[in-house]
Amino acid sequence: MKDTLLKSTPALKYDAEVLDDGRIELQIPFAPGSRITVFVIEEAREILDDLLSAAESSLDFWDNSYDDEDWNNA
């Protein structure tokens with residue numbers, strides 16, 4: 001079996017809106033003629049809104065004097 005080096009490539013994420021004719025347009029950082037793979041999924045907006053709201057509502061947990069005192073003197 002031939003050994004092959006796999007090149008690690010970071011993933012790029014774009015938020016886009018589908019145009020009236022069913023197309024999306026993106027400006028991407030690849031040279032013309034580059035071969036790319038594209039995965040397309042529909043964003044479930046209400047789920048993301050719920051998660052964002054939950055994350056924002058729990059920030060007060062970290063803002064307390066007892067925790068600050070313990071960690072600042074650690």
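Values quoted throughout were computed directly from the atomic coordinates according to the rules given, and no laboratory measurement underlies them. All values reported here derive from a predicted model rather than from experimental measurement. Because the Cβ atoms are built from the backbone with ideal geometry, glycine has one as well, and the counts that use them run over all protein chains shown.
Any idea what angle helix 45-57 forms with the longest principal axis of the chain, computed on alpha-carbon atoms, 0 to 90 degrees, nearest 10? So the inclination is approximately 30 degrees.
Computed from backbone phi with θ = phi - 60° and the Karplus coefficients 6.51, -1.76 and 1.60, the 3J(HN,Hα) list for the stretch 13-30 is 10, 10, 9, 9, 10, 6, 6, 3, 8, x, 9, 10, 10, 9, 9, 10, x, 10 Hz; x is used for glycine and proline. For the chain, the dipole from Cβ point charges (+1 on Lys and Arg, -1 on Asp and Glu) about the Cα centre works out to 1080 debye, to the nearest 20. Mind running the shape call on the chain? Use the C-alpha gyration tensor, a ≥ b ≥ c as the square roots of the eigenvalues: rounded below 1.5 for a/c, prolate if a/b tops b/c, oblate otherwise. Oblate.
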